[in-house]
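Here the structure comes first, spelled out in structure tokens, and everything after it is commentary.
The values are calculated or read from the model by the stated rules, or taken from the named source; none is laboratory data. Just so we're clear, the structure is a prediction, and the values are computed from it rather than from any experiment. Every residue, glycine as well, gets a Cβ built from its backbone with ideal geometry; the counts of neighbours run over all protein chains shown.
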């Protein structure tokens, strides 16, 4: 017991590592604020492109989403960070992470938005168009708002996964929360910083998990 | 430019040299994925069944465990197992740490999905089955589960695919799966062609899996 407290819940170590962890958390938040809006906007674009008449475009969208959903995000990240510099393009870690996340998360958000758009009956489009709204305005004011509302639980769930996923940025030395924790561990030879990072994730994300779990029970129970 | 591109990413010589390693990684990834899927889904179903007995104190702990595992990033759990546990004398290989972490995460998600499925079967069915003389376990086995499982297939498939892609996280704790082999090849040859091979290997595994997921989603979709 004492050994556990000494190694996992060491107050002295925690005090020393705390500033690092806070800075790491700041980077995690910044990363989330970058990749979540970018990924969601990209996803909405992908979903809208999958509704166009042109077959070629729709095919390309399917290939794009399936291709990037087939790669583990860490593989994308490693490829971009370590692979791309060989053709002479040097990407800072943050840009590499943002790009890798964009390709991955826009595919997932795209699938969600597409399901949302498909859930809106065609009559809505016809009604909107017959009142004189343009195709674009119909999408923007009639379809997308309702589609988004229909898939809110999935959007939140995916966003939670994206936030958790930012921890893989530690692999390419971006100083986010997990990276800070591992640095703390290697400097102090004590696992307390990693345990503390775990608790930080837990405290921040637990409310989201609770919320989702309520949504899920409701949605399946409705069938 | 094109020459440089081909030399970097499609260098046949380098590829031929590291192909055997990537193939080893390929099979290790499949093994890790399969072991994770089986463990996670079986354990998830087990906990959902335990939960259906509605014993308060046990359910409290199941919910707590599930919530924690859903809130923590898988890589954090892997790092905890591999880098933190040895300091209290618990040592495990990178493979075990990755398998255990991903299985636990899948267990949590699968438990939630199965439980939601069990809840979705109307109470009247329970009552009807019990009143015909079926025991609790037989009601679960023959009446509730067959209906619940059908509902859970699409969400469970998607979640399982997402979590098995986490096998790449094993590269961080020195599991010789595809990504790890590709990275080793990159640093030994100083040429990223092994990464291209690795990417291709992932496409071979997960391309069909993603396609299968799409098909299952359509096949089991509920008509509204």
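Could you please let me know if residue A:119 is more than 30 Å from residue B:75 (Cβ to Cβ) and free of Cβ contacts under 8 Å to residues at least 12 places away in the same chain? Taking the combined requirement at face value, the residue does not satisfy it. Only one of the listed residues (B:148, B:110, B:116) is under 28 Å from residue B:171 (Cα atoms) and buried (at least 19 other Cβ atoms within 10 Å of the Cβ). That residue is B:110.
Only residues that are free of Cβ contacts under 8 Å to residues at least 60 places away in the same chain and closer than 20 Å to residue B:64 by Cβ: list them for region B:36-51, please. Passing the criteria: B:46, B:50. Run down B:156, B:134 and say which single residue is more than 10 Å from chain A (Cβ to nearest Cβ), modelled with pLDDT of 90 or more and not in a helix (DSSP H, G or I). Matching residue, one of B:156, B:134: B:134. Could you check, for region A:60-70, whether at least one of its residues is exposed (fewer than 15 other Cβ atoms within 10 Å of the Cβ), under 22 Å from residue A:173 (Cβ atoms) and within 14 Å of chain B (Cβ to nearest Cβ)? Taking every residue of region A:60-70 in turn, none turns out to be exposed (fewer than 15 other Cβ atoms within 10 Å of the Cβ), under 22 Å from residue A:173 (Cβ atoms) and within 14 Å of chain B (Cβ to nearest Cβ). Looking only at residues of region A:170-199 that are in a helix (DSSP H, G or I), touching a residue at least 24 places away in the same chain (Cβ under 8 Å) and at the interface with another protein chain (Cβ under 10 Å from one of its Cβ atoms), we find that the one that is farthest from the chain's Cα centre (by Cα) is A:192. With a requirement of 3 or more residues that are in contact with a helix residue (DSSP H, G or I) (Cβ under 6 Å, 6 or more places away or on another chain), over 24 Å from residue B:206 (Cβ atoms) and within 14 Å of another protein chain (Cβ to nearest Cβ), the helices (runs of 4 or more DSSP H) lying completely within region B:30-124 that satisfy it span B:56-71, B:94-120. Restricting attention to region B:186-219, and to residues there that are within 8 Å of chain A (Cβ to nearest Cβ) and outside any helix (DSSP H, G or I), which single residue is surrounded by the most Cβ atoms within 10 Å (Cβ to Cβ)? Checking each candidate, the answer is B:192.
Could you tell me whether region A:50-58 includes any residue that is touching a residue at least 24 places away in the same chain (Cβ under 8 Å) and surrounded by fewer than 21 Cβ atoms within 10 Å (Cβ to Cβ)? Yes, that holds for at least one residue.
Conditions (1) farther than 30 Å from residue A:85 by Cβ; (2) modelled with pLDDT under 95; (3) touching a strand residue (DSSP E or B) at 6+ places or on another chain (Cβ under 6 Å), marked per residue:
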site: B:6; (1), (2), (3): no, yes, no
site: B:11; (1), (2), (3): no, yes, no
site: B:17; (1), (2), (3): no, yes, no
site: B:26; (1), (2), (3): no, no, no
site: B:29; (1), (2), (3): no, no, no
site: B:32; (1), (2), (3): no, no, no
site: B:38; (1), (2), (3): yes, no, no
site: B:42; (1), (2), (3): yes, no, no
site: B:45; (1), (2), (3): yes, no, no
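Residues in region A:134-169 that are assigned to a loop (DSSP other than H, G, I, E, B) and out of contact with any helix residue (DSSP H, G or I) (no Cβ under 7 Å at 6 or more places or on another chain): 1 in all. Scan region B:152-175 and give yes if some residue there is over 21 Å from residue A:104 (Cα atoms), without any contact (Cβ under 8 Å) to a residue 60 or more places away in the chain and either crowded, with 22+ Cβ neighbours inside 10 Å or under 19 Å from the mean Cα position of the chain (by Cα) (or both), otherwise no. Yes, the conditions are met somewhere in region B:152-175.
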